[in-house]
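Shown next, in structure tokens, is the structure this report addresses.
Bear in mind that the values in this text are calculations on the coordinates, not laboratory data. All values reported here derive from a predicted model rather than from experimental measurement. Quick reminder, even Gly has a Cβ in these numbers, built from the backbone with ideal geometry, and neighbours come from all protein chains shown.
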Amino acid sequence: MSQVRLRFAPSPTGYLHVGGARTALFNWLLARKEKGTFILRIEDTDVARSTQESTDAILEGMTWLGLDWDEGPYYQSERFPVYREFVEKLMAEGKAYKCYCTPEELDRKRELAIAEGRKPKYDGTCRGVEDRPGAPFVVRFRSPEEGETAFDDLIKGRIAFQNEELDDLIIQRTDGTPTYNFTVVIDDATMGITTVIRGDDHINNTPRQIQLYEALGYPVPKFAHVPMILGADKARLSKRHGATSVMAYRDMGYLPEAMVNYLVRLGWSHGDEEIFSLDELTGKFTIEAVGRSAGVFNPDKLLWLNSHYIKTGDPVRLANLLLPFMKERGIDVAGGPDLAAAVRTLQERSHTMLEMADGAVIYYRSDFEYDPKAAAKSFSPAGRELCAELAARLGQVEALDHGVISAVFDGICADRGVKMKDVAQPARFALTGGAPSPGIFEVMEVLGRDETVRRISRALELFGS
RNA sequence: GGUCCCAUCGUCUAGCGGUUAGGACACCGGCCUUUCACGUCGGUAACAGGGGUUCAAGUCCCCUUGGGAUCACCA
């Protein structure tokens, strides 16, 4: 079996954040690139902190980004018997032992060690101790005391640790549940994971995990530790830097392809290229091209990518995505203009779907307010007169399209000896109330002849003529 | 503090011994124009410092400095 097997293994203690999403993306990309298998595993051994809502949120985030999985989701909470079996095996082989030290004792020793300037590592008190039937215990892995444990990280290169730095880690708690460093090894080993791509905050866990693989007799997978994502102050990205939840970006009007494109470029590059679809990436992605240093999350660039994808997106699809945002604004698009047509006029001037929704509102509200300041500026007596003329001429044409509208404006300009803006600005005021809007020809075309004339008439009535 | 990782414009990065150190976001100007945008043209801006290796170092090695991660019966 030479096929690669990768996995994304989040713990369900919150939503899918951008760092996790990027890790998932890299795993997914490598799996697709190598025609391997991508597995989703939920690491919920911490029963107290894990929730179903978090699991659902993570799956929703993955789905939104378009990262589908071939196996799973597996739940560690359903595999406790498996872990127990391996703990028993290690104990039977003398590779693990019961430790009766209490947390209080350990804390005391730890504090003492720090106070005396020594390393706060477990001292091996219970390594040779006899069984104490009935007494509460944890199970510790007996790790080698000498030599070194090293691995060749796919993105960081060779990393070595002296074994004397590592102590005997706990693999099973007093309550009988297994701990992370143990379950992750058992799962990756038994699920046949060939390459582990994860955050580089796991580098320090790696040597002890390797020792576990070796003790268990399983092959050690390859490791690729991807750098962290930082905030603008270079500290690890967190809520205080702004939104970190992937789904929050959807709610703020971001497109999944923008998020994917942004995340993949944060730490990975392909020459000077900036724009990548998921499909292109499955051909171009390589783990070796991932950078070694941490990167700062840059909301401006994400926004730029988002506007790029809005600009080049399919209007019908965008219209569908826009629907919930219109609903949020209390607008039912059913009775108004075609939403896709409205979208087309807004694509090149919207950075987010939120902005697009704000811009689209004007097409569906005929009872909008007129801005008095704009009225003074744009709806002068002369402007009102030109608007009246415009309405009159529009009444004489059939349907509105760009050519017809353009001809009408040109006609007025020629006959009255005025400039385009002399009539366009008053018209914009009459049709939109003075707010920034798409090109006035486009607005009229989307609104249609009748609504256009109706709005002009209303403005003329409101402001006298 | 121990261990580990990292270091090119403000930010994301290209560079894999010989380059006027390139691109992108942001920023600043010009143009376009029917408001706002889009677009377009141009500009400011970087190899952390010090030692080596080499004919030649942003590229290789070492040290310093500066960031970050991790040191749980969390994952």
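Taking a point 7 Å out from the Cα of A:Arg393 in the direction of its Cβ, the residues of region A:349-387 whose backbone N falls within less than 11 Å of it are A:386-387.
Restricting the calculation to Cα atoms, region A:114-169 shows an Rg/Rh of 1.11 when the hydrodynamic-style radius is the Kirkwood one.
What's the Cα-based Rg to Rh of region A:117-206, Rh via Kirkwood?
Result: Rg/Rh = 1.01.
May I ask for the percentage of alpha-carbon pairs in region A:313-364 that lie more than 17 Å from each other? Cα-Cα pairs of region A:313-364 separated by over 17 Å account for 17 percent. The Cα atoms of region A:176-311 cover 55, 35, 25 Å along the three principal axes, with the biggest extent listed first.
Kindly rank A:239-246, A:3-10 from highest to lowest mean number of other beta carbons found within 10 Å of each residue. Mind dumping the intermediate values first?
On the way: A:239-246: 16.1, A:3-10: 22.9.
Ranking, from highest mean packing down: A:3-10, A:239-246.
Rounded to whole Å and sorted largest first, what semi-axes of the equivalent ellipsoid does the C-alpha gyration tensor of region A:422-465 yield via the square root of 5 times each eigenvalue? Don't jump to the answer; show the numbers that get you there.
Numbers: eigenvalues 51, 31, 13 Å².
Sorted largest first and rounded, they come to 16, 12, 8 Å.
At an R0 of 25 angstrom, the distance between the Cβ atoms of A:Tyr213 and A:Arg84 translates into a FRET efficiency of 0.85.
Near A:Ser406, once Lys and Arg are set to +1 and Asp and Glu to -1 for all other residues with Cβ below 14 Å from its Cβ, the sum equals -3.
Taking all Cα-Cα distances within region A:47-97, those exceeding 13 Å account for 71%.
Taken over the Cα atoms of chain A, the convex hull encloses 197 Å³ per residue.
For region A:94-112, list residues with backbone N below 20 Å from a point placed 7 Å from the Cα of A:Arg132 toward its Cβ? Under 20 Å, as judged by backbone N against the label point of A:Arg132, lie A:96-111 of region A:94-112. The calculated P(r) of region A:372-463, using every Cα pair and 5 Å bins from 0, goes 2, 15, 30, 28, 19, 5, 1 in percent.
Give me the number: length gained by fully extending A:Glu348 to A:Lys95, i.e. 0.36 nm times residue separation minus the C-alpha to C-alpha distance, one decimal in nm. Let's see the in-between values first.
Working: separation 253, 0.36 × 253 = 91.08 nm, distance 6.42 nm.
In short, 84.7 nm is gained.
Measuring r between the beta carbons of A:Glu104 and A:Thr51 and using R0 = 35 Å, the FRET efficiency lands at 0.70. Annotation: for a label point projected 7 angstrom from Cα along Cα→Cβ of A:Lys421, residues of region A:376-392 with backbone N closer than 16 Å are A:377-380, A:383. Neighbour counting of Cβ atoms within 10 Å sorts the residues A:Glu280, A:Glu398, fewest neighbours leading, into A:Glu398, A:Glu280.
Which of A:Lys98/A:Lys222; A:Lys239/A:Lys284; A:Lys89/A:Lys121; A:Lys222/A:Lys284 have a Cα-Cα distance over 23 Å? Provide the component values of the computation, followed by the final result.
On the way: A:Lys98/A:Lys222 31 Å; A:Lys239/A:Lys284 32 Å; A:Lys89/A:Lys121 25 Å; A:Lys222/A:Lys284 20 Å.
Result: A:Lys98/A:Lys222; A:Lys239/A:Lys284; A:Lys89/A:Lys121 exceed 23 Å.
With a Förster radius of 56 Å applied to the beta-carbon distance between A:Val316 and A:Ile114, the computed FRET efficiency rounds to 0.35. Straight Cα distances below 23 angstrom link A:Lys419 to the lysines A:Lys373, A:Lys377, with same-chain residues fewer than 8 positions distant left out. Taking the average, over residues, of other Cβ atoms within 10 Å as the packing measure, peptides A:158-171, A:409-422 rank A:158-171, A:409-422 from highest down. Relative to the current alpha-carbon distance between A:Ala235 and A:Val296, full extension at 0.36 nm per residue lengthens the span by 21.1 nm.
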